[in-house]
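Each remark here refers to the structure printed beneath this line.
The values are calculated or read from the model by the stated rules, or taken from the named source; none is laboratory data. As the structure is a computational prediction, the values presented were derived from the model and not from experiment. Note that each Cβ is placed from the backbone with ideal geometry, even for glycine, and that neighbours are counted across all protein chains shown.
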Amino acid sequence: MKMAVFDSHKFDRTALEQVNAGSSHDLAFFEVTLTQQTVALARGFPAVCIFVHDKLDAPTLRALKQGGTSLVALRCAGFNNVDLAAAEREGIHVVRVPEYSPYSVAEHAMALLLALNRKLPRACNRVHDGNFSLDGLVGFDLHGKTIGIIGLGKIGSVFARIAHGFGCRLLGYDVRHNDRLTDELGLAYVSLEEIYVKSDVISLHVPLLPETGHLIQRATLEKMKPGVIIINTSRGALINAHDLVEALKSGRIAGAALDVYEEEEKFFFRDLSGQVLQDDILARLVSCPNVLITAHQAFLTREALQNISETTLGNLTAFAEGGLLTHELTFRPA
Ligand code: NAD
């Protein structure tokens with residue numbers, strides 16, 4: 001079946017083509033994101049494949065349907081960028097990759113925490129420049145510290161296990177409880193308030209939903225333990241970035257490590273070096289010595305790319321053969 005792959009990069013093209021070598025799908029790769037402005041490119045493709053920065057709002061979905069598309073295959077787990085109600089109205093099926101490697105994201109979250117706490121980017125830059133001074137590089141032991149984990153699904157659970165291995169005390173908040181985390185790791189499920197008040201580090205692993213948008217904002221930042229570190233590898237809009245900057249400036253927050261940013265689709269995945277960054281909040285965050293930013297790369301491991309490609313092409317095959325779409329998303333009214 002013909003599938004147009006949007007927002008494609010060398011790494012996902014390579015992985016998809018390798019997995020597709022044994023099947024007969026006809027893949028066309030477009031570097032642009034799929035939006036109202038680019039949807040004409042999808043005309044004639046029964047399936048489109050998208051990632052986190054493509055924006056499938058109601059007009060784009062209508063245009064897709066008019067152009068002959070009836071399958072949207074997300075090659076990611078999060079689906080906040082697709083209007084599922086509109087897709088249902090248009091009769092477009094939406095499938096995703098619910099799990100590809102929770103380890104990739106959880107390990108990146110811990111890598112960010114370690115790098116930020118031990119000031120590794122600054123330390124490496126110094127040594128590279130022949131400066132072997134240690135002043136200003138003091139971190140803290142993670143052992144014995146309290147880590148608050150918001151969202152204990154697939155990724156949050158793996159992060160909890162990693163943090164447990166470091167000897168951290170674990171607090172968790174989730175709408176559902178997983179007794180194994182309590183029994184095996186001693187994780188205590190508590191209220192959000194308690195997470196804010198007691199945690200030395202807070203790591204976000206909830207999906208972006210209407211009820212989780214701007215979960216971290218001025219009022220919640222003010223409740224946090226002074227000196228807390230915030231890690232976000234989930235979705236940028238979980239944090240009000242303006243309020244985060246204010247909390248960093250006042251010194252209330254000791255640091256933030258972010259793999260995601262609310263306005264990231266305008267910047268991430270592109271080489272904008274040599275240009276003036278056109279987002280004052282992002283520029284401010286980038287300039288803070290106690291902020292570490294990666295450009296939505298937490299998923300980027302060989303294993304994750306292989307699994308994403310296998311599940312995506314499996315979804316496409318099931319659709320082409322009229323089989324059961326096991327990874328289909330359906331609209332659930334709030
Ligand atoms: P998951 O569905 O397994 O887990 C999400 C957890 O959040 C569940 O346990 C659920 O009960 C909980 N939850 C949902 N709504 C909640 C609410 N209102 N309050 C408290 N808890 C709530 O998802 P996952 O695979 O662990 O992924 C988590 C998120 O990570 C994804 O939604 C995605 O946004 C993000 N992600 C980021 C990357 C990256 O590269 N940075 C890659 C994959 C996923």
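Might you check whether a residue that is among the hydrophobic types (A, V, I, L, M, F, W, C) and farther than 27 Å from residue 101 by Cβ occurs anywhere in the stretch 251-264?
Scanning the stretch 251-264 turns up at least one residue that is among the hydrophobic types (A, V, I, L, M, F, W, C) and farther than 27 Å from residue 101 by Cβ.
Which residues, counting only those in the stretch 228-252, are away from the ligand (no atom under 16 Å from the Cβ) and closer than 22 Å to residue 160 by Cβ?
228, 229
Could you count how many residues in the stretch 119-173 are surrounded by 15 or more Cβ atoms within 10 Å (Cβ to Cβ) and not in a helix (DSSP H, G or I)?
Summing the residues that are surrounded by 15 or more Cβ atoms within 10 Å (Cβ to Cβ) and not in a helix (DSSP H, G or I) in the stretch 119-173 gives 18.
List, please: which pairs have Cβ atoms under 8 Å, are six or more places apart or on different chains, and start with a residue in the stretch 4-19 that is not assigned by TED's automatic domain parsing to the domain that holds residue 41 and end with one that is surrounded by fewer than 20 Cβ atoms within 10 Å (Cβ to Cβ) and of a type in the set (S, T, N, Q)?
Pairs found: none.
Is it the case that some residue within the stretch 148-160 is away from the ligand (no atom under 13 Å from the Cβ), assigned by TED's automatic domain parsing to the domain that holds residue 235, at pLDDT 95 or above and not small (Gly, Ala, Ser)? Before you say what the answer is, go through the steps one by one.
The first filter runs over the stretch 148-160 and keeps only residues away from the ligand (no atom under 13 Å from the Cβ), leaving none.
Checked the stretch 148-160: no residue is away from the ligand (no atom under 13 Å from the Cβ), assigned by TED's automatic domain parsing to the domain that holds residue 235, at pLDDT 95 or above and not small (Gly, Ala, Ser).
How do the pairs read when you match residues in the stretch 91-116 that are over 15 Å from residue 233 (Cα atoms) with residues anywhere that are within 12 Å of the ligand (Cβ to nearest atom) and of a type in the set (S, T, N, Q), using Cβ under 6 Å and keeping only pairs 6 or more apart or on different chains?
100/307
Being assigned to a helix (DSSP H, G or I) and either more than 30 Å from residue 16 (Cβ to Cβ) or away from the ligand (no atom under 16 Å from the Cβ) (or both) narrows it down to one of 324, 277, 282, so name that one.
Going through 324, 277, 282 in turn, the sole match is 282.
Give the stretch 25-41 a look and list any residue that's assigned to a loop (DSSP other than H, G, I, E, B), among the β-branched types (Val, Ile, Thr) and farther than 29 Å from residue 303 by Cβ, or say none.
So in the stretch 25-41, the residues assigned to a loop (DSSP other than H, G, I, E, B) come out as 25, 30-38.
Checking which are among the β-branched types (Val, Ile, Thr) leaves us with 32-33, 35, 38.
Across the stretch 25-41, the qualifying residues are 35, 38.
Considering the stretch 60-113 alone, what residues qualify as being among the basic types (Lys, Arg) and within 16 Å of the ligand (Cβ to nearest atom)?
75, 96
Being under 15 Å from residue 313 (Cβ atoms) and either in contact with a Lys or Arg (Cβ under 7 Å, 6 or more places away or on another chain) or part of a loop (DSSP other than H, G, I, E, B) (or both) narrows it down to one of 44, 22, 78, so name that one.
None of the others qualify; the one that does is 22.
One residue is enough: does the stretch 228-239 have a residue meeting the conditions in a helix (DSSP H, G or I), without any contact (Cβ under 8 Å) to a residue 24 or more places away in the chain and in the same structural domain as residue 171 (by TED's automatic domain parsing)? Outline the logic, then answer.
Just the residues of the stretch 228-239 that are in a helix (DSSP H, G or I), to begin with: 236-238.
The next check asks that each one be without any contact (Cβ under 8 Å) to a residue 24 or more places away in the chain; those that pass are none.
No, the stretch 228-239 contains no residue that is in a helix (DSSP H, G or I), without any contact (Cβ under 8 Å) to a residue 24 or more places away in the chain and in the same structural domain as residue 171 (by TED's automatic domain parsing).
Quick check on residue 123: is it within 23 Å of residue 200 (Cα to Cα), touching a residue at least 40 places away in the same chain (Cβ under 8 Å) and small (Gly, Ala, Ser)?
So residue 123 fails the test.
Out of (1) more than 14 Å from the ligand (Cβ to nearest atom); (2) surrounded by fewer than 21 Cβ atoms within 10 Å (Cβ to Cβ), the odd one out for residue 210 is which?
Only one criterion is unmet by residue 210, namely (1).
If the requirement is being closer than 23 Å to residue 50 by Cβ, away from the ligand (no atom under 13 Å from the Cβ) and modelled with pLDDT of 95 or more, which of these qualifies: 222, 310, 265? Write out each step before concluding.
Values: 222 fails: closer than 23 Å to residue 50 by Cβ; 265 fails: modelled with pLDDT of 95 or more.
Within the list 222, 310, 265, the selection yields 310.
Please go through the stretch 55-81 and give me each residue that is crowded, with 23+ Cβ neighbours inside 10 Å and under 21 Å from residue 260 (Cα atoms), ordered by number.
56, 74, 75 - these are the residues of the stretch 55-81 that are crowded, with 23+ Cβ neighbours inside 10 Å and under 21 Å from residue 260 (Cα atoms).
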